[in-house]
Amino acid sequence: MMKTDIRSYFPILNQEVNGHPLVYLDSAATSQKPTQVLEAVKHYYEYDNSNVHRGVHTLGNRATDAYEGAREKVRQFINAKSTEEVIFTKGTTNGLNMVAASFGRANVDEGDEIVITYMEHHSNLIPWQQLAKEKNATLKYIDMNPDGTLSIDQVKEAITDRTKIVSIAFASNVLGTVNPIKEIAAIAHAHGAVMIVDGAQGVPHFHTDVQDLDCDFLAFSGHKMCGPTGIGVLYGKKEHLENMSPIDFGGEMISTVGLYESTWADLPWKFEGGTPNIAGAIGLGAAIDFLETIGMDAIIEHERNLTRYAIEQLNAIDGVSIYGPQDPTKRSGLVTFNIDGIHPHDVATVLDMEGIAVRAGHHCAQPLMKWLKCTATARASFYLYNTEADVARLIEGLRSAKEYFADVNE
């Protein structure tokens with residue numbers, strides 16, 4: 001298990017909520033930030049605050065070095081070939097929309113297919129839904145197994161020579177399912193399609209090697225991996241990015257501007273119009289340093305152990321339904337569930353009164369809720385700072401909630 005002193009780096013965890021020590025189990029929505037990240041952002045604003053790429057003064061050079069240094073850290077973290085393939089964005093949603101608006105509009109035509117799954121977050125569904133409408137293309141869904149996993153046979157059946165785009169989550173934010181991205185990418189490429197990955201729930205928790213996965217695009221967010229909000233990354237293979245048009249026009253992204261014509265800056269800057277989130281990028285770089293100091297292998301093992309323990313304990317409570325694969329090696333560090341006769345919002349409210357933060361709702365995955373035949377679920381999600389004691393508090397809180405509503409309904 002992870003060393004308990006990891007928690008000491010996260011000051012927000014050292015508080016009480018509603019008179020109880022905080023148990024934060026909503027990292028799939030956003031992770032907490034260690035002091036190393038908070039201090040990196042603070043240092044930038046206190047000592048280096050300046051715009052990047054524009055000035056020749058000392059502060060401008062320091063800010064630019066820190067910003068571009070963060071890009072190199074990202075490149076190494078995901079094993080991109082070049083920093084030219086690393087674009088800073090506002091987050092996963094922004095990155096996926098960029099691909100749909102630029103690459104998608106230029107490469108999808110009437111009658112073409114876009115293939116996704118029922119488990120996609122709205123951010124990896126609505127952009128393709130809108131593109132399909134605009135281009136009169138077909139949006140196809142890969143069938144899923146009853147436990148919320150994909151089989152390669154199902155993938156092969158869905159992807160055809162008409163498929164131009166396959167866009168799938170690295171891991172589901174509801175089911176926890178970890179998808180076989182490398183195998184799916186090979187199938188997509190065999191049919192001439194590109195492979196796009198929503199990495200929001202994958203990159204913070206697993207080793208991510210874009211060259212090994214052979215994905216064409218990968219989008220992820222800093223705030224889910226101990227970094228600040230408002231910063232994310234879009235990775236794209238250079239050959240795609242070079243042929244794509246920018247979608248944000250203005251400062252930073254130009255080479256020359258005339259009265260009637262303009263030319264664009266080199267990669268990656270042609271996609272980073274306007275003043276970027278400099279502090280966010282620096283904070284993301286610090287988050288990557290922190291995660292690599294802990295070690296991704298240790299994070300994977302820790303989350304897997306917590307998930308196994310949580311599933312075992314939840315299965316011991318009568319009336320609890322767990323969604324997604326039961327095998328913790330096939331899922332990320334979260335558990336989504338319902339309790340018979342209790343709305344998940346009520347479950348989350350009772351837990352909050354005991355200082356336990358979980359998520360309740362449709363989790364920005366309404367088509368998946370329909371596939372699961374429910375309107376909402378509760379979700380507990382874990383990260384490197386959580387412990388078995390946190391899971392025990394969750395289980396105790398759920399038993400209390402069940403008893404409370406049993407008494408109320410008598």
*Matching option when the condition is in contact (Cβ under 8 Å) with a residue 40 or more places away in the chain, over 22 Å from the mean Cα position of the chain (by Cα) and in the same structural domain as F217 (by TED's automatic domain parsing), among K140, K164*: K164
*Which residue out of T329, T336, T375 is farther than 30 Å from A40 by Cα and crowded, with 21+ Cβ neighbours inside 10 Å?*
T336
_Let me spell it out: the conditions are (1) more than 19 Å from I6 (Cβ to Cβ); (2) surrounded by 14 or more Cβ atoms within 10 Å (Cβ to Cβ), and D318 meets all of them except one. Which number is the exception?_
(2)
*Please determine, by comparing only the residues of the stretch 229-255 that are assigned to a helix (DSSP H, G or I) and in contact (Cβ under 8 Å) with a residue 12 or more places away in the chain, which one is surrounded by the most Cβ atoms within 10 Å (Cβ to Cβ).*
L241
*Which of the residues that make up the stretch 257-294 are closer than 15 Å to T64 by Cβ, surrounded by fewer than 18 Cβ atoms within 10 Å (Cβ to Cβ) and polar (S, T, N, Q)?*
T275
*For G324, indicate whether it is small (G, A, S), surrounded by fewer than 22 Cβ atoms within 10 Å (Cβ to Cβ) and in contact with a strand residue (DSSP E or B) (Cβ under 7 Å, 6 or more places away or on another chain).*
no
*Mind listing whichever residues of the stretch 177-228 are of a type in the set (V, I, T) and in a loop (DSSP other than H, G, I, E, B)?*
V203, T208
*With Q326, Q313 as the choices, which residue is over 21 Å from A29 (Cα atoms), in contact (Cβ under 8 Å) with a residue 12 or more places away in the chain and assigned to a loop (DSSP other than H, G, I, E, B)?*
Q326
_Given the criteria assigned to a helix (DSSP H, G or I), farther than 28 Å from H20 by Cα and more than 18 Å from the chain's Cα centre (by Cα), does A298 qualify?_
yes
*Qualifying helices (runs of 4 or more DSSP H) (wholly inside the stretch 33-142; at least 3 residues being in contact with a helix residue (DSSP H, G or I) (Cβ under 8 Å, 6 or more places away or on another chain) and of a type in the set (K, R))*: 58-78
*Do you know which residues across the stretch 379-396 are outside any loop (DSSP other than H, G, I, E, B), under 21 Å from K33 (Cβ atoms) and hydrophobic (A, V, I, L, M, F, W, C)?*
A380
*Out of the residues in the stretch 66-77 that are surrounded by 23 or more Cβ atoms within 10 Å (Cβ to Cβ) and out of contact with any Pro (no Cβ under 8 Å at 6 or more places or on another chain), which is farthest from H207 (Cα to Cα)?*
A70
*asked:* Looking at the stretch 47-57, can you tell me whether even one residue there is among the small types (G, A, S), more than 29 Å from A29 (Cα to Cα), assigned by TED's automatic domain parsing to the domain that holds I168 and under 27 Å from the mean Cα position of the chain (by Cα)?
replied: no
*Scanning for something in contact (Cβ under 8 Å) with a residue 12 or more places away in the chain, part of a strand (DSSP E or B) and not hydrophobic (A, V, I, L, M, F, W, C), does the stretch 349-371 turn up at least one residue?*
yes
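State all residues of the stretch 365-410 that are basic (K, R) and either under 19 Å from the mean Cα position of the chain (by Cα) or not assigned by TED's automatic domain parsing to the domain that holds E303 (or both); if no residue qualifies, say none.
R379
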_Breaking point among (1) without any contact (Cβ under 8 Å) to a residue 12 or more places away in the chain; (2) out of contact with any helix residue (DSSP H, G or I) (no Cβ under 9 Å at 6 or more places or on another chain), for S8_ = (2)
_Condition first: outside any helix (DSSP H, G or I) and among the polar types (S, T, N, Q). Now tell me which residues in the stretch 148-176 satisfy that._
T149, S151, T160, T163, S167, S172, N173
*asked:* Taking the criterion of being touching a strand residue (DSSP E or B) at 6+ places or on another chain (Cβ under 6 Å) and more than 30 Å from M144 (Cβ to Cβ), would at least one residue in the stretch 277-294 satisfy it?
replied: yes
_Among (1) touching a strand residue (DSSP E or B) at 6+ places or on another chain (Cβ under 7 Å); (2) hydrophobic (A, V, I, L, M, F, W, C); (3) over 26 Å from S321 (Cα atoms) - the single one M144 does not satisfy_ = (3)
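The values are calculated or read from the model by the stated rules, or taken from the named source; none is laboratory data. Please read these numbers as outputs of a predicted model, since none were measured by experiment. Here Cβ is always computed from backbone atoms with ideal geometry, including for glycine, and neighbour counts include all displayed protein chains.
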